[in-house]
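Worksheet: one structure, shown below.
Every read-out reported here was derived from the displayed coordinates using simple, explicitly stated rules and does not represent laboratory data. These figures come from a predicted structure and were not determined experimentally. For neighbour counting, all protein chains shown are included, and Cβ atoms are generated from backbone atoms with ideal geometry for every residue, glycine included.
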Amino acid sequence: MTVTAAHTEFLTSVIRDQTPQEVLQVGLGDFDLTLSVCQTLNTLDDTALTLLTGTRLQHAEFLKAVRQRNVDALMDVVELNWTPADEVLPDLYFQNRSVDLAIINEVGPYDQALVSLYYVDKMLASRGTLVIHNADTSVMKTLCQYLVNEREYTVQHTLGGKPDDALIPRLLRRQFHRAPGFVKNTVKTVIHPDLLRLDEDPRLQGSMVVLTGPVAEGDIDMDFDTLLESILEEERQ
């Protein structure tokens, strides 16, 4: 996929809005796009990027390009690691690393992408932000569908996707997929299976998809103002 100014502005605006402290990027992807991520993070306070380039060759090419562009100072916020994702992510997870924002580029074979997703999902903070790049490829589209349908991620922003106004049908399909097997079999006898598919969500058709992770167990899904109002209401009672 050709990276355009729209992709760069889209991703950097997400970072500026979220102001994350711990950021993880899996896969080098497009150099200019990655460079814009580093530049944006460099404007924030107390932030750091762990960048998994994937191979020694990509690692070396990235450092060479950094020197050629004379942007070495940007590396102050970057921790580079050339180790493949399926080797380094388990180590990061068992070190209890937590990330506020994760960026996943297309990282090769499906098994590599699946392992990356598995550990990123575990390390993402409660209601953290996940950016899927090349989300319109078959591999990444499948992963997006899994996150939304099975892991209860919500679509925050999409570059190139379409709004989905069919809220009730989408909720009904999601409940169907959570139902016991005998219920699904009964429903399929009266409703055409194609109408029950969850993989045609128009919001997931874009080239970049930004997802919000689920609320971690034990956390309160409530903003500060609402929480304060709730406490005051209890005191008045």
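For Gln205, which sequence-distant residues (separation of 5 or more, or a different chain) have an amide H within less than 5 Å of its own amide H, given hydrogens modelled in the peptide plane?
Here the answer is Lys162, since their amide H atoms fall under 5 Å of that of Gln205.
As a footprinting exposure proxy, order Thr158, Thr50, Thr83 by other Cβ within 10 Å, with the fewest listed first.
Arranged by neighbour count, lowest to highest, Thr158, Thr50, Thr83 become Thr83, Thr50, Thr158.
If R₀ is 35 angstrom, what is the calculated FRET efficiency for the pair Ala6 and Arg97, using the beta carbon separation as r and rounding to 0.05?
That gives a FRET efficiency of 0.65.
Take Arg127 and Ala60, extend 7 Å from each Cα along the Cα→Cβ direction, and tell me the distance between the two endpoints in nm.
Placing both labels 7 Å beyond Cα along the Cβ direction yields 4.6 nm.
Enumerate the amide H contacts of Val99 below 5 Å, restricted to partners 5 or more residues apart or on another chain; note that Pro and chain-start residues carry no placed amide H.
Residues meeting the criterion, in which the H sits 1.01 Å from N, are Leu124, Ala125.
Note the full-extension length gain between Asn42 and Arg69 as 0.36 nm times their separation in residues minus their Cα-Cα distance, in nm to one decimal.
Taking Asn42 through Arg69 to full extension adds about 8.1 nm, to one decimal.
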